[in-house]
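Student: Supplied in structure tokens, the structure appears directly below.
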Amino acid sequence: MLSEKRILLGVTGGIAAYKAAELIRSFVKAGARVRVVMTESACRFITPMTLGTLSGGEVYTDTFETTRDGEIPHIDLAYWADLVVVAPATANILGKIAGGMGDDLLSTTMLAVTAPVLLCPAMNSNMYANPAVQANIKKLADRGCRILDADSGDLACRTTGPGRLPSPEDILEVVETMFAKKDLAGVRVLVTAGPTQEPLDPVRFITNHSSGKMGFALAQAARRRGADVTLVSGPVSLDAPPGVELVPVQDARSMRDAVMNRLAGSDVIIKAAAVSDYRPSETSLSKIKKSDETLTVTLERNPDILASVGEEKGNRILVGFAMETEDLVENAQRKLSSKNLDLIVANDLGEPGAGFRHDTNVVRILDREGGDETLPLMEKKEVAERIIDRIVALLEKRA
Ligand code: PMT
């Protein structure tokens with residue numbers, strides 16, 4: 001996702017400096033090239049050797065020492081960066097950047113930077129609330145810096161409140177959003193995710209293994225690329241991606257209502273949910289007691305939400321999924337045409353790393369023109385990007 005992007009990470013002297021190590025790992029894992037500038041006080045919390053080992057490059061601490069290539073560090077680093085992230089950003093560095101001061105390598109570099117800047121303040125709650133700090137944050141935001149608000153929670157100074165550095169995953173998400181193409185700006189995307197639960201009695205239900213990861217990754221990717229996203233999800237234990245409207249539902253009928261009520265306000269519908277095809281014909285109001293007799297449960301058909309959307313789809317782009325255990329392509333092709341889809345994403349439960357619960361998937365994307373794209377094993381996050389690429393291509397073709 002951040003392939004070959006050049007991120008300059010500034011680390012300043014707060015207890016959260018130790019989190020810079022994990023942050024560098026996630027940048028590198030996402031494909032970025034990372035250089036690190038540490039202030040003198042940051043070096044008292046975590047060593048340059050740790051951050052240098054993880055970033056795979058030089059760590060810069062001294063304004064007056066030239067780089068390996070003989071360059072002047074504050075100028076070279078400022079020109080090199082596609083993005084500058086300061087995490088954690090102390091009250092001191094915020095004040096220096098806001099005031100245009102340059103008395104160490106990081107603050108001097110910030111004076112020469114023209115790339116986008118992400119600042120992640122982290123400090124004690126009272127310091128964070130201090131009017132001088134807040135005024136500096138506002139000044140920097142007005143000047144175009146992206147500010148990631150501090151999280152609330154237990155702080156190292158044994159108080160509780162706002163001031164925590166957000167998690168490396170949250171910072172990575174903001175960075176990926178800053179780099180993402182905004183090719184879905186103004187497009188309204190409706191995604192379904194997760195399983196449905198079909199109640200048998202107040203304590204039991206019929207469901208499946210869907211974790212929601214595939215659908216949530218799609219919602220997040222669409223949002224990153226500028227779409228207005230609504231995510232209708234069955235019961236899962238995932239947090240809504242930032243900026244996405246989450247509509248929680250329980251069973252197939254409530255999912256159908258949530259989807260059909262939002263159809264008019266959607267341009268693209270992606271149905272990644274694993275909807276139960278059947279539900280118990282009767283739901284007992286009290287717990288079904290065990291007896292020595294065999295218990296027979298009669299199931300009846302649930303509505304096929306995708307087929308209903310297909311009937312009313314009009315000009316919208318409709319993407320379905322097919323979860324198969326045999327005859328993957330034949331079954332997917334049948335669903336593509338019978339449900340009036342533009343694309344179908346087929347995944348085979350028998351393929352290692354594919355389908356339910358994994359962080360990865362292996363999919364084939366079939367289209368109405370007979371196109372058949374096979375993607376290798378990849379993170380669901382990456383699969384989502386590739387599906388969104390296909391949707392963008394369809395939208396462009398229509399325009
Ligand atoms: O959630 P994860 O753990 O990340 O797993 C991801 C996934 C395996 C659930 C996902 O990749 C996937 O394949 N989702 C579709 C699963 C499924 O229900 O497949 P299906 O072939 O039974 O259904 C075909 C399509 O019809 C799907 O788009 C489904 O959402 C839709 N459908 C199915 C039944 C029904 N009653 N209404 C529907 O809308």
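Student: Normalised by the residues of the chain, what does the relative contact order come to in percent, with Cα pairs under 8 Å and at least six apart?
Tutor: Working: 836 pairs, mean separation 41.4, N = 399.
Across the chain, relative contact order equals 10 percent.
Student: OK, next. Listed highest first by mean packing, meaning other Cβ atoms within 10 Å per residue, what order do 107-116, 170-179 come in?
Tutor: Numbers: 107-116: 17.7, 170-179: 19.4.
Ranking the peptides 107-116, 170-179 by packing returns 170-179, 107-116.
Student: Looking at the stretch 188-398 only, what percent of DSSP beta bridges run antiparallel? Nearest 5 please. Don't jump to the answer; show the numbers that get you there.
Tutor: Working: 16 of 41 bridges.
Rounded to the nearest five, the antiparallel share is 40 percent.
Student: Moving on. How much length would be gained if the chain were fully extended between Tyr79 and Glu4, taking 0.36 nm per residue of separation minus their Cα-Cα distance, in nm to one decimal?
Tutor: Numbers: separation 75, 0.36 × 75 = 27.00 nm, distance 1.54 nm.
Additional length available on full extension: 25.5 nm.
Student: Which values of log₁₀ I(q)/I(0), to two decimal places, follow from the Debye formula for the stretch 276-399 at q = 0.11, 0.14, 0.17 Å⁻¹ with a uniform point scatterer at every Cα?
Tutor: Summing over Cα pairs of the stretch 276-399 leads to -0.51, -0.72, -0.92.
Student: Apply the Karplus parameterisation 6.51 cos²θ - 1.76 cosθ + 1.60, with θ equal to phi minus 60°, to every residue of the stretch 10-20 and state each ³J(HN,Hα) to the nearest whole Hz, in sequence, with x for glycine and proline.
Tutor: Those phi angles translate into x, 10, 10, x, x, 4, 6, 4, 5, 6, 4 Hz.
Student: If you filter the stretch 313-349 for GluC sites (Glu not before Pro), then keep DSSP loop positions with at most 11 other Cβ within 10 Å, what is left? Working shown, then result.
Tutor: Values: sites: Glu324, Glu326, Glu330; in loops: Glu326.
The qualifying sites are Glu326.
Student: Please calculate the 1.4 Å probe accessible area of Glu379, with all protein chains present, and give it to the nearest 10 Å².
Tutor: Result for Glu379: roughly 90 Å² accessible.
Student: Using a 1.4 angstrom probe and counting only protein chains, how large is the accessible area of Arg188 in Å², to 10?
Tutor: In the full protein context, Arg188 sits at about 90 Å².
Student: Under 8 Å for C-alpha pairs, at least 6 residues apart: give me the relative contact order for the stretch 8-96, rounded to a whole percent.
Tutor: On the way: 127 pairs, mean separation 36.5, N = 89.
Computed over the stretch 8-96, the figure is 41 percent.
Student: Run the helix sum for the chain: -39,500 (n - 2.57) per DSSP H stretch of 4+ residues, divided by residue count, reported at 222 nm to the nearest 500 deg cm²/dmol. All intermediate terms of the calculation are to be shown ahead of the outcome.
Tutor: Details: 14 runs with 137 residues, N = 399.
Roughly -10000 deg cm²/dmol at 222 nm, from the helical runs in the chain.
Student: With the dipole of the stretch 6-179 worked out from charges on the C-beta (+1 for Lys and Arg, -1 for Asp and Glu) around the Cα centre, which of Ser55, Cys120, Phe45 lies farthest toward the positive end?
Tutor: Most positive-ward Cα: Cys120.
Student: Considering only DSSP beta bridges with both partners in the stretch 137-280, what is the antiparallel share in %, to the nearest 5? List each step's numbers first, then the result.
Tutor: On the way: 7 of 22 bridges.
Antiparallel: roughly 30 percent of the beta bridges in the stretch 137-280.
Student: Take every Cα pair under 8 Å in the stretch 6-179 that's 6+ residues apart, average their separations, divide by the length, and report that relative contact order as a whole percent. It would help to have the intermediate numbers written out before the result.
Tutor: On the way: 341 pairs, mean separation 38.8, N = 174.
Relative contact order comes out at 22 percent.
Student: Treating only the Cβ of Lys, Arg, Asp and Glu as charged (+1, +1, -1, -1), what charge dipole size does the stretch 188-398 show about its Cα centre? Round to the nearest 20 debye. Could you put the intermediate results ahead of the total?
Tutor: On the way: 29 positive and 33 negative charges, 121 e Å.
Taking the Cα centre of the stretch 188-398 as origin, the dipole is about 580 debye.
Student: Right, here's the next one. Can you work out the accessible area per residue across the stretch 188-398, with the rest of the protein chains kept in place, probe 1.4 Å, in square angstrom?
Tutor: On the way: 10250 Å² over 211 residues.
Solvent-accessible surface per residue comes out at 49 Å².
Student: Note down the accessible area of Ser286, probe 1.4 Å, to the nearest 10 Å².
Tutor: It works out to around 70 Å².
Student: Determine the shape class of the stretch 161-311: with a ≥ b ≥ c the square roots of the Cα gyration tensor eigenvalues, call it rounded for a/c under 1.5, and otherwise prolate if a/b is greater than b/c, oblate otherwise. Write down the numbers at each step before the final one.
Tutor: On the way: a/c = 3.31, a/b = 1.76, b/c = 1.89.
Taking the square roots of the gyration eigenvalues as a ≥ b ≥ c, the stretch 161-311 is oblate.
Student: Place the peptides 243-252, 34-43 in order of packing, highest mean first, counting for every residue the other Cβ atoms within 10 Å and averaging per peptide. All intermediate terms of the calculation are to be shown ahead of the outcome.
Tutor: On the way: 243-252: 17.7, 34-43: 22.0.
Order by mean packing, descending: 34-43, 243-252.
Student: From the mean inverse distance of alpha carbon pairs (Kirkwood) and the Cα radius of gyration, derive Rg over Rh for the chain.
Tutor: Values: Rg = 25.2 Å, Rh = 23.6 Å.
Reported Rg/Rh (Cα atoms, Kirkwood Rh): 1.06.
Student: Still on this model: Under a 5 Å amide H to amide H cut-off, with H placed in plane at 1.01 Å, what residues pair with Thr360 once short-range neighbours are removed?
Tutor: Lys380
Student: If you look at just the Cα atoms of the stretch 6-179, how large are its Rg and its Dmax in Å?
Tutor: Using the Cα atoms of the stretch 6-179, the pair Rg, Dmax is 14.8, 46 Å.
The values are calculated or read from the model by the stated rules, or taken from the named source; none is laboratory data. Bear in mind that the values here come from a model prediction, so they are computed numbers and not experimental data. Here Cβ is always computed from backbone atoms with ideal geometry, including for glycine, and neighbour counts include all displayed protein chains. What goes into the accessible areas is simple: the full protein's heavy atoms, side chains included, and nothing from ligands, DNA or RNA. Shrake-Rupley method; radii C 1.70, N 1.55, O 1.52, S 1.80 Å.
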